[in-house]
Amino acid sequence: MRTEGECLKLLRRANLAVETLQEILSDRSARKFHAVRRALAAHPKTPRGDALALVATLFWRDLAHLSADARVHPAIRRAADQNLLRRVADMAVAERVDLARTVGRGALIALRLDPDTRVLASLLENRYTIEADVVQAALQPVATADTLSLIAAHPRWGMRPAVRSAVLRSTNRPEGLALALLPRASIEDLKGVRDSSRSSALMKACAERVLAERVGEG
């Protein structure tokens, strides 16, 4: 009977002998350790059926690890994502915050719609987050003023024209934030603000002024 450490050391080998892997798979004592089950699920030589069965036994942190590991077979990553998505509704905010920072794209797509700004703050730092995720987060109906301010102030995402445009087009945009974005807004967005029935007289006037300046510069 091997120890947890011995099993994990062996499972780090991509060229592990099939016979040795089967020995670990059939060792009930070794499979009591969640780290060993995760390593077995991730190993390229683990039979697909066994790996999928192991995924269902893992904790959410282990599932997030599988989800974000590009070396893991896509079918296993999808299974990890599906298990995570079933659990998200019952997770505490602190858990969702940690998950949003580390998870792969499969579950990240759902987390971008999380109404809690702390979850969004973590998602903005996730290495798998793309511009479309941030735009979607800004445009969702439940996006709050805090959410939009967080996105606009982010050093990576707030500078992107598509993200600034999404913040401006949000139905919940704070006026102060929108006014600050107008000088760098596109012509199309400026016209949208100027012509929108939702815009205040001040917003319309400022958008018109920036438009006039752009025309003059042209």
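Computed from the coordinates by the stated procedures, all read-outs in this text should not be read as laboratory data. Just so we're clear, the structure is a prediction, and the values are computed from it rather than from any experiment. Here Cβ is always computed from backbone atoms with ideal geometry, including for glycine, and neighbour counts include all displayed protein chains.
Quick check: Cα centre of the range 49-88 to Cα centre of the range 24-43, how many Å?
If we compute the Cα centre of each part, the gap is 14 Å.
Tell me, in nm to one decimal, what length is gained between Ala145 and Phe59 on full extension, where the rule is 0.36 nm per residue of separation less the Cα-Cα distance?
27.6 nm
With runs of 4+ DSSP H residues as the only contributors, calculate the mean residue ellipticity of the chain at 222 nm using -39,500 (n - 2.57) per run, divided by the residue total and rounded to the nearest 500.
Theoretical 222 nm ellipticity from helices: -18500 deg cm²/dmol.
Modelled label-to-label distance, Met159 and Met1, 7 Å Cα→beta-carbon offset: nm?
Here the modelled spin labels are 5.7 nm apart.
Take Ser200 and Ile187, extend 7 Å from each Cα along the Cα→Cβ direction, and tell me the distance between the two endpoints in nm.
Placing both labels 7 Å along Cα→Cβ, they lie 2.9 nm apart.
Given all pairs of different Cα atoms, what value in angstroms does the Kirkwood hydrodynamic radius of the range 130-218 take?
13.0
Give the aspartates and glutamates reachable from Lys191 as a straight Cα distance under 14 Å; neighbours fewer than 8 places away on the same chain don't count.
Glu208, Glu213
Among the lysines, select those whose C-alpha is under 27 Å from the C-alpha of Lys9, and discard any that sit fewer than 8 residues away in the same chain.
Lys32, Lys45
Can you tell me how much longer the chain between Arg127 and Arg31 gets when fully stretched, taken as 0.36 nm per residue apart minus their C-alpha distance, in nm with one decimal?
Length gained between Arg127 and Arg31: 31.5 nm.
GNM, the chain, Cα, under 10 Å: largest mean-square fluctuation among Asp62, Asp146, Asp27?
Among Asp62, Asp146, Asp27, the largest GNM mean-square fluctuation belongs to Asp27.
Given (1) 1.39; (2) 0.96; (3) 1.13 as candidate values of Cα Rg over 2.2 N^0.38 Å, which corresponds to the one derived from the coordinates?
(1)
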